[in-house]
1. Could you tally the net charge around Cys33, taking each other residue with its Cβ under 15 Å from the Cβ of Cys33, Lys/Arg +1 and Asp/Glu -1?
2. Net charge near Arg115: determine it from the other residues with C-beta under 14 Å of the C-beta of Arg115, scoring Lys and Arg +1 and Asp and Glu -1.
Amino acid sequence: MSTRYDFTDPDALSYCPECGLGFRIAGGRCEDCNAALISRAEALEEWRQSPPPDTAERSVFLCAAATLVDTQLTRARLESAGIGFVTGDMPQVWGPLLGTDAEVRFYVEERDLARALDALAEVPPNEPTDADPA
């Protein structure tokens, strides 16, 4: 199976083998596709045995997130803009998976690069900017 599991939530206990979503419950069924969930250990083992996706032919490098917060913020901004993405070399995801900081690389399709850069450049109303007084 070639499912891309979403390992960015360090509290996920189980995963959907069809769509890759993580859940903070053990067992049950996926809310999106109703597939039976598998354990975190099973998802990790499947990931270890699967070849990495070939992103080089379809995608271009967008950015690297150095912390779990940056990873989640980048993911949220891209998803809210409706931009598809993949994260790069899976060993770099081990840091966020284990709750520590590590670089996660984001790739988008070349046709979406300009929109993705715009989405990441927008500062949400609750985020401070360099111009905000300290």
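What follows draws every value from the coordinates through simple rules; no lab data is involved. Computed from a predicted structure; not experimentally measured. Virtual Cβ from ideal backbone geometry, glycine too; neighbours counted across all protein chains shown.
1. -2
2. -4
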